[in-house]
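The values are calculated or read from the model by the stated rules, or taken from the named source; none is laboratory data. All of these numbers come straight from a predicted model, not from anything done at the bench. Quick reminder, even Gly has a Cβ in these numbers, built from the backbone with ideal geometry, and neighbours come from all protein chains shown.
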Amino acid sequence: MRVVSLVPSLTEAVAVTLPGVLAAATDWCSHPVDLDVPRIGGTKNPKTERIAALAPDLVIANEEENRPADLDALRAAGLEVLVTEVRDVPGAFAELARVLTACGAAARPRWLEEAEAAWSAPPPVAARRPTAVVPVWRRPWMVLGRDTFAGDVLARLGVDHLYAGHAERYPRVALEELRAAAPDLVVLPDEPYRFTAGDGPEAFGGLPCALVSGRHLTWYGPSLAEAPGLLGGALRAALC
């Protein structure tokens, strides 16, 4: 098999499971850290003609990360495109298994079994579940809304994000409204916007802030095995 990946988390999953299968990946595919394959542009602007010239057996994509027009162009070039759709943790496991099988895996990899086991335990019981707002962008401020994988990750760790019932999946919300919502916690990932100790927490006054890895909050792949422990620890530390 020769596979082109347009999704960073799927790139990691395929590279770890099936070394040598990836024919190319996006500029944003940062894991594994030693990944050495041709780069074919970003997730939102892949070089479709270059991908077609590579003649892969399969292109793997995601309905949220990749634009329909780019995927249509790849199909028009005669390429097979597998598109994932992930809204929660169980769905991530199912889609990962589907992708790896399509890429030639004969059995489920050990890391996938370990990840499922890591997420099988219930979250710690708390007297009251803490609430959070989860910005994913700044200028303008955008937060997690309804029906998101990251929102389900937090819910399974015992944290309810306040915009889970919003009509949009990634609504724009004024900073004043976010502050007025008075969450117990502000969760600031380092992607897609790179929030840091000096860029993000200062906007929320005295509210507790948890700076977390976007790879552990939003990626579905090998990082899922360690995400419950690392994310859970960061959230608890911020709430103390």
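So, in the range 56-94, how many residues would count as being polar (S, T, N, Q) and out of contact with any Lys or Arg (no Cβ under 8 Å at 6 or more places or on another chain)? Even if it seems obvious, please write down each step before you answer.
In the first step, residues of the range 56-94 are kept if they are polar (S, T, N, Q); the result is 62, 66, 84.
Imposing the further condition that a residue be out of contact with any Lys or Arg (no Cβ under 8 Å at 6 or more places or on another chain) reduces the set to 62.
Here the count works out to 1.
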(message) Here is a check on your reading of the model: is A150 in contact with a helix residue (DSSP H, G or I) (Cβ under 7 Å, 6 or more places away or on another chain), not assigned by TED's automatic domain parsing to the domain that holds A13 and not in a loop (DSSP other than H, G, I, E, B)?
(response) yes
(message) If A55 satisfies all but one of (1) loosely packed, with under 13 Cβ neighbours inside 10 Å; (2) under 19 Å from the mean Cα position of the chain (by Cα), what's the number of the condition it fails?
(response) (2)
(message) What's the total number of residues in the range 20-48 that are hydroxyl-bearing (S, T, Y) and more than 26 Å from W111 (Cα to Cα)?
(response) 1
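Pick out the one residue from A76, A106, A115 that is crowded, with 19+ Cβ neighbours inside 10 Å and aliphatic (A, V, I, L, M).
On the way: A76 fails: crowded, with 19+ Cβ neighbours inside 10 Å; A106 fails: crowded, with 19+ Cβ neighbours inside 10 Å.
The conditions single out A115.
Name the one entry in T17, T43 that is among the hydroxyl-bearing types (S, T, Y) and more than 22 Å from A150 (Cα to Cα). Before you say what the answer is, go through the steps one by one.
Values: T43 fails: more than 22 Å from A150 (Cα to Cα).
Going through T17, T43 in turn, just one is among the hydroxyl-bearing types (S, T, Y) and more than 22 Å from A150 (Cα to Cα): T17.
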(message) Take the conditions closer than 30 Å to A23 by Cα, loosely packed, with under 15 Cβ neighbours inside 10 Å and β-branched (V, I, T) and apply them to T148. Does it pass?
(response) no
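Answer yes or no as to whether A164 is among the aliphatic types (A, V, I, L, M) and modelled with pLDDT under 95.
Working: among the aliphatic types (A, V, I, L, M): yes; modelled with pLDDT under 95: no.
No: the conditions fail for A164.
Kindly indicate whether any position in the range 47-61 is part of a loop (DSSP other than H, G, I, E, B), at pLDDT 95 or above and closer than 11 Å to L6 by Cα.
To start, the set of residues in the range 47-61 that are part of a loop (DSSP other than H, G, I, E, B) comprises 47, 55-57.
When the remaining residues are screened for being at pLDDT 95 or above, the result is 47, 55-57.
Those still in the list that are closer than 11 Å to L6 by Cα too: 47.
Yes, the conditions are met somewhere in the range 47-61.
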(request) Scan the range 167-176 and give yes if some residue there is of a type in the set (A, V, I, L, M) and surrounded by fewer than 13 Cβ atoms within 10 Å (Cβ to Cβ), otherwise no. (result) yes
(message) Restricting to the range 153-189, name every residue that is among the acidic types (D, E) and touching a strand residue (DSSP E or B) at 6+ places or on another chain (Cβ under 7 Å).
(response) D160, D184
(request) Residue by residue through the range 3-46, note down the ones that are part of a loop (DSSP other than H, G, I, E, B), within 21 Å of E95 (Cβ to Cβ) and touching a strand residue (DSSP E or B) at 6+ places or on another chain (Cβ under 6 Å). (result) L6, V7, V21
(request) Identify the single condition in (1) closer than 20 Å to L224 by Cβ; (2) surrounded by 15 or more Cβ atoms within 10 Å (Cβ to Cβ); (3) of a type in the set (D, E, K, R) that K47 does not satisfy, given that it satisfies every other one. (result) (1)
(request) May I ask you to say which residue of V3, V21 is farther than 30 Å from L154 by Cα, surrounded by fewer than 22 Cβ atoms within 10 Å (Cβ to Cβ), at pLDDT 95 or above and aliphatic (A, V, I, L, M)? (result) V21
(request) Return the total of residues in the range 183-198 being modelled with pLDDT under 95 and out of contact with any helix residue (DSSP H, G or I) (no Cβ under 8 Å at 6 or more places or on another chain). (result) 0
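Yes or no, residue by residue, for (1) among the polar types (S, T, N, Q); (2) more than 20 Å from E85 (Cα to Cα):
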{"site": "C29", "(1), (2)": "no, no"}
{"site": "D34", "(1), (2)": "no, yes"}
{"site": "T43", "(1), (2)": "yes, no"}
{"site": "T48", "(1), (2)": "yes, yes"}
{"site": "I51", "(1), (2)": "no, yes"}
{"site": "P56", "(1), (2)": "no, yes"}
{"site": "V59", "(1), (2)": "no, no"}
{"site": "E65", "(1), (2)": "no, no"}
{"site": "L71", "(1), (2)": "no, no"}
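How many residues are of a type outside the set (F, W, Y) and without any contact (Cβ under 8 Å) to a residue 40 or more places away in the chain when one looks only at the range 12-29?
Just the residues of the range 12-29 that are of a type outside the set (F, W, Y), to begin with: 12-27, 29.
Checking which are without any contact (Cβ under 8 Å) to a residue 40 or more places away in the chain leaves us with 15, 19-20, 22-27, 29.
Residues that pass the stated criteria total 10.
Based on what the data block shows, is A92 in a strand (DSSP E or B) and small (G, A, S)? Explain how you work it out, then say what you get.
Values: in a strand (DSSP E or B): no; small (G, A, S): yes.
No.
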